[in-house]
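Notes for the one structure printed next.
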Protein chains: 2
Amino acid sequence: MSLNASSDVVERWGIFELSLEGPEGGNPFLDVTLKARFEHGRRVVEVDGFYDGAGVYRARFMPDATGVWSYVTESDCPALEGHAGEFTCVAPSPGNRGPVGVRDRCHFAYADGSPYFQVGTTCYAWIHQSQALQERTLLTLQETPFNKLRMCVFPKHYLYNEREPLYYPFQPADGGTWDFTRFNPRFFRHLEGRVGDLLELGIEADLILFHPYDRWGFATMGPEADDFYLRYVVARLAAYRNVWWSMANEYDLMEEKSPADWSRLGSLVQERDPYGHLRSIHNCRAFYDHREPWVTHVSVQHSDLERVREWRELYGKPVVVDECRYEGDVEHRWGCISARELVHRFWLGAVGGGYVGHGETYLHPEDVLWWSHGGVLHGQSPQRIAFLREILEDGPAAGFEPVDFWGAKKNDEYYLYYYGVHQPARQTFHLPPGRRYRVDVIDPWDMTIAPLEGVFTGTFTVRLPGRPYLAVRIRSV
Amino acid sequence: MSLNASSDVVERWGIFELSLEGPEGGNPFLDVTLKARFEHGRRVVEVDGFYDGAGVYRARFMPDATGVWSYVTESDCPALEGHAGEFTCVAPSPGNRGPVGVRDRCHFAYADGSPYFQVGTTCYAWIHQSQALQERTLLTLQETPFNKLRMCVFPKHYLYNEREPLYYPFQPADGGTWDFTRFNPRFFRHLEGRVGDLLELGIEADLILFHPYDRWGFATMGPEADDFYLRYVVARLAAYRNVWWSMANEYDLMEEKSPADWSRLGSLVQERDPYGHLRSIHNCRAFYDHREPWVTHVSVQHSDLERVREWRELYGKPVVVDECRYEGDVEHRWGCISARELVHRFWLGAVGGGYVGHGETYLHPEDVLWWSHGGVLHGQSPQRIAFLREILEDGPAAGFEPVDFWGAKKNDEYYLYYYGVHQPARQTFHLPPGRRYRVDVIDPWDMTIAPLEGVFTGTFTVRLPGRPYLAVRIRSV
């Protein structure tokens, strides 16, 4: 028996990890229970431990308050029971702003209060590619504006996705099947490593827990195995501050699971995760009922971004259009919109008070498509998405509320209008009297910001270029 | 008393008109009934006559079969009762293809069987402008591809529409109001003249019978006056083969009228019109229930043209998106889409198996905007709409049925795909084996048709330019 705490000093929203040696016989995943209770002043947080193979058991914890935390383990195995100790939680290092949560009903913020404007991208199966390609993906992500990555836990079987993954999540059983009660620690250590790499880059990992594109049986394990798997994933990964839980990609294509199954699975993650990471579920066609209490935000697939404001009203939660089709040129309609169209959709989502996701699917001689495999980007939208992100981050910290038909605003201080396919040659604005405003004409494609001459107040009309795909920003002086 | 038949020889789908002299005293619009029964072989068609002022009563008839027709009048006024006669209906002159009706559930055809591909435009109040401007409008229409014009009977009060009309439909009453029981024959003769001008140009007149943009009281006359007005309009105009009845523009903004009112009014027109001209009702926001039996086709305002195929299924009738917003640069969202966007919407509607309407609203120094006033066109969409019309007329006579996501087809002989914002660099088609096809790549904006080399059969893949807004046409050799 040995006890190994990762460190006795952990930064706020960092990871404290306790390692214990215990039994290797039987099925430790199934036979042994392990919990750890962490205390700080009058607060107690309980986390599930997990078996990591080779007789090693771990419990991970993300402290959310500075100061001294004490802990003690509970187990039905004497070797793991009653281990106690303490560590000190110190202020976070630069760039660590804590986990992202919901703020102001339809927006997000980091736990330290700084705003989070979701600008996501998608590499569904990037952790299942060669290590070299994974490293390349990380280099690309370092140069791009994206602050969230949608990625699957399980490997993917689909068009352009025919190769076997590096690792499998379960240990094999007799007869070429899997033993869903025995996880493959190597798989999960790899997954965690990649989640940690994203954390270092300041990128949220939107972990897709189930998906239908499967040839190995992971999409149809049955309720008992599904629950067992979720508990294990949550025990291992919840302490990573950048984790979001996406219950499924295209849940509605997984016909073996009923709405009641999804409610149970979502509620299970909610119950087991001590930190309340963001939870969502993504559709192919029919939206999930995002009013369910376990759903923290609306993650949808849809190409009409003008409807974001409608969904905000319907669900009263942040709206993230994670898939509005991808920039690319494959022959499928989901993967061949133009860069201009994707940038257009990002802007429509933004002024609708919502958030949009990127993906890229250009034909490639070796079938390496960013959308699933990662690698490098070939398109023209990412730099324009970076431009939008700068504008968002330069705007009101609390995000936008939709106003009128094509605008968003925050208080009376900041207005952002985006005209899309419309090309008005003039616009009249009715702003509160008594304030003075400056007006900029923004070209989202050319990435230019042209201030109009003068200072405006009350009701005023400005001349516009009469070209489509322009925005107007109005800021209180 | 005198009897004056317009001619004893009338072409098929032309107008036979009977003029009778009768009483001038009292209120002839209200006090005198007049009908005429026309017989041809075993068929009898009854039409309503109308008072045209100055003691003249008329009955108009559009014969739909060649040969001898006899007629006799019925009236409660002895001077108008029992006038009988006959005329000969001869073959139509070139360009006269009869009235347009529904064919094959979701398409249109002329009565002579030739197809009608609706390519409409909109000049709501053109007949209420100066005579010079009206003449200019007709000259413009002569040079453009449009084969339908949406136009209001009543004058229009709205932005850019502040002037008084040339004529008023009713005679004034005491106290600055109108006598809704006394029509102004001059107004209606003018209206008929303009409908006749359109007929000469081969343009269908989609007559809007009610609309909400009113300062004279014509939008709120009450049920009795509404019915009386409709009977008069139908009696005067139904014999014009190019008339369509649009019960309202933006019916849902006319809050004084209930759904039951619209059912009654629509059914009244259906009952009084002996020829069954096309009947529709146009929304602002909420669609009317186009399943009602009096509605012959779906006339809607909507900007998502990808939904045309959905509405075809829902209503089982032809879908005409009469307003999908207008090409222009006014500051209102309904009137400032780009020409490219309008052309895009026309193509989306076409491959959805539906039809689309044009309108133009560019700012003008004298506020002459085609959309309402007519005049000249300034935009870039009409020539592209002409190009589309040529392609439609060069295609299958029976029109398209939507197929796949972005295509339409007719039998196995003709396929038209339009990719819109998508830019696939290749496409695979699964066509019936045994036939040989030629493939064209069409650029709807540049108005080019580029045939691909070779002849294709069965399942085949073609390379495409990887640019958005292109179409592919596949025709059986």
Problem set entry | Sum of side-chain charges, A:VAL44 neighbourhood, beta-carbon under 15 Å (Lys, Arg +1; Asp, Glu -1) | -2
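Keeping every protein chain in place, order B:GLU164, B:GLU341 by accessible area at 1.4 Å, biggest value first, i.e. largest first. Can you show the working numbers first?
Values: B:GLU164 90, B:GLU341 20 Å².
Largest accessible area first, the residues go B:GLU164, B:GLU341.
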Exercise. Once amide H atoms are built 1.01 Å from N in the peptide plane, which residues 5 or more positions from B:VAL10, or in another chain, come under 5 Å H to H?
Worked result: B:THR88, B:CYS89, B:VAL90
Seminar exercise, completed: By the Cα gyration tensor axes a ≥ b ≥ c (a/c under 1.5 gives rounded; else a/b larger than b/c gives prolate, otherwise oblate), the shape of segment B:65-165 is oblate
Seminar exercise, completed: Using the Kirkwood radius over Cα pairs of segment B:1-70, the Stokes-Einstein translational diffusion coefficient at 4 °C and 1.567 mPa s, in µm²/s and rounded to a whole number, is 100 µm²/s
Exercise. Using modelled amide H (1.01 Å from N, peptide plane; none on Pro or chain starts), what sits under 5 Å from the amide H of A:TYR116, excluding residues fewer than 5 places away?
Worked result: A:PHE108, A:ALA109, A:TYR110
Problem set entry | Estimated vicinal HN-Hα couplings, Hz - segment A:317-334 in sequence order (Karplus 6.51, -1.76, 1.60; Gly, Pro = x) | 9, x, 10, 10, 8, 5, 9, 10, 6, 10, 5, x, 9, 5, 8, 8, 5, 6
Exercise. In nm, one decimal, shortest first: how far is the label point of A:THR448 (7 Å from Cα along Cα to beta carbon) from the matching points in the other copies?
Worked result: 2.7
For this session: Pop out the ³J(HN,Hα) list for segment A:398-405 in order, Karplus 6.51 cos²θ - 1.76 cosθ + 1.60 with θ = phi - 60°, rounded to Hz; leave Gly and Pro as x.
Result: 8, x, 9, 10, x, 9, 6, 8
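Which whole number in µm²/s is D for segment A:212-278 by Stokes-Einstein, with the Kirkwood Rh taken over Cα pairs at 4 °C and 1.567 mPa s?
Working: Rh = 12.6 Å.
This corresponds to a translational diffusion coefficient of 103 µm²/s.
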For this session: Kindly give the distances from A:PRO78 to its copy-mates, label point to label point, with each label point 7 Å from Cα along Cα→Cβ, as nm values to one decimal ordered shortest first.
Result: 12.8
For this session: May I ask you to report, in nm to one decimal and beginning with the shortest, the distances from B:ASP289 to the same position in the other copies, taking label points 7 Å along Cα-to-Cβ?
Result: 2.7
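Using just the helices of the protein assembly as shown, give the 222 nm mean residue ellipticity in deg cm²/dmol: DSSP H runs with n ≥ 4 each add -39,500 (n - 2.57), and the total is spread over all residues, rounded to 500.
Values: 18 runs with 199 residues, N = 954.
The helix contribution divided over the protein assembly as shown gives -6500 deg cm²/dmol.
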Seminar exercise, completed: Put A:GLU366, B:GLU255, B:GLU331 in order of accessible area, largest first, probe 1.4 Å, and you get B:GLU255, A:GLU366, B:GLU331
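If you take the Cα Rg of chain A and divide it by 2.2 N^0.38 Å, with N the number of residues, what do you get? Walk me through the intermediate numbers first.
Values: Rg = 23.8 Å, N = 477, 2.2 N^0.38 = 22.9 Å.
Compactness ratio reported: 1.04.
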For this session: Could you pull out every residue, at least 5 positions away or on a different chain, whose amide H is within less than 5 Å of the one on A:ALA5? Hs are placed 1.01 Å off N in the peptide plane, and Pro or chain starts have none.
Result: A:SER19
For this session: Kindly report, to the nearest 10 Å², the accessible surface of B:TRP334 as traced by a 1.4 Å probe over protein heavy atoms only.
Result: 40 Å²
Exercise. Hey, how many Å between the Cα centroid of segment A:451-467 and the Cα centroid of segment A:246-318?
Worked result: 41 Å
For this session: Rounded to the nearest 0.05, what FRET efficiency do A:ASN27 and A:THR177 give with R0 = 22 Å and r taken as the Cβ-Cβ distance? Could you check?
Result: 0.85
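Tally Lys and Arg at +1 and Asp and Glu at -1 over the other residues with C-beta under 9 Å from the C-beta of A:TYR275: what net charge comes out? Display every interim value, and only then the final one.
Values: positive: A:ARG241; negative: A:ASP64, A:ASP273.
Residues near A:TYR275 contribute -1 overall.
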Seminar exercise, completed: With a 31 Å threshold on alpha-carbon distance, the violating pairs from B:LYS257/B:LYS410; B:LYS148/B:LYS410; A:LYS148/A:LYS409; A:LYS257/B:LYS410 are B:LYS257/B:LYS410; A:LYS257/B:LYS410
Seminar exercise, completed: A 1.4 Å probe over the protein heavy atoms gives segment A:191-346 a carbon and sulfur accessible-area percentage of 46 percent
Problem set entry | Pairwise centroid distance, computed over Cα atoms, of segment A:341-375 with segment A:401-423, Å | 23 Å
For this session: Rounding to the nearest 20 debye, state how big the charge dipole of segment B:5-137 is about its Cα centre with +1 on each Lys and Arg Cβ and -1 on each Asp and Glu Cβ.
Result: 700 debye
Seminar exercise, completed: Taking max minus min of the Cα coordinates of segment A:22-107 on each principal axis, largest first, gives extents in Å of 49, 29, 24
For this session: Give me the accessible area per residue for chain B, probe 1.4 Å, as a whole number in Å².
Result: 37 Å²
Exercise. Which chain B residue comes nearest the axis with its C-beta when you rotate B onto A, and by how many angstrom?
Worked result: B:ASP304, 3
Problem set entry | Calculated FRET value between A:VAL68 and A:GLU135, using beta carbons and R₀ = 41 Å, to 0.05 | 0.60
Exercise. Between the DSSP loop rule and a limit of at most 10 other Cβ atoms within 10 Å, which trypsin sites (Lys or Arg not before Pro) in segment B:92-171 are left?
Worked result: none
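Could you list the trypsin sites (Lys or Arg not before Pro) in segment A:319-364 that lie in coil according to DSSP, counting only those with at most 12 other Cβ atoms within 10 Å of their Cβ?
Loop-located and lightly packed - none at all.
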Exercise. Using the Karplus equation 6.51 cos²θ - 1.76 cosθ + 1.60 (θ = phi - 60°), what ³J(HN,Hα) coupling, rounded to whole Hz, does each residue of segment A:85-93 give in order, writing x for Gly and Pro?
Worked result: x, 8, 8, 10, 9, 10, 4, x, 6
Exercise. Given the C-alpha centroids of segment B:195-228 and segment A:117-158, what is the distance between them in whole angstrom?
Worked result: 60 Å
For this session: Evaluate the charge dipole of the protein assembly as shown about its Cα centre and quote only its size in Debye, nearest 20, assuming +1 on the Cβ of each Lys and Arg and -1 on the Cβ of each Asp and Glu.
Result: 980 debye
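Could you compute how fast the protein assembly as shown diffuses translationally, taking Rh as the Kirkwood radius over C-alpha pairs and applying Stokes-Einstein at 37 °C with viscosity 0.692 mPa s? Give it in µm² per second.
The calculation lands on 102 µm²/s.
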Exercise. Between chains A and B, what is the buried accessible area summed over both chains (1.4 Å probe, protein heavy atoms, nearest 100 Å²)?
Worked result: 2300 Å²
Problem set entry | Gyration tensor (alpha-carbon) shape descriptor, segment A:250-303, a/c threshold 1.5 | oblate
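The values are calculated or read from the model by the stated rules, or taken from the named source; none is laboratory data. All values derive from a computational prediction rather than experimental measurement. No Cβ is skipped: glycine too gets one built from the backbone with ideal geometry, and neighbour counts run over all protein chains shown. Areas reflect the complete protein model, heavy atoms only, side chains present, ligands, DNA and RNA absent. Shrake-Rupley method; radii C 1.70, N 1.55, O 1.52, S 1.80 Å.
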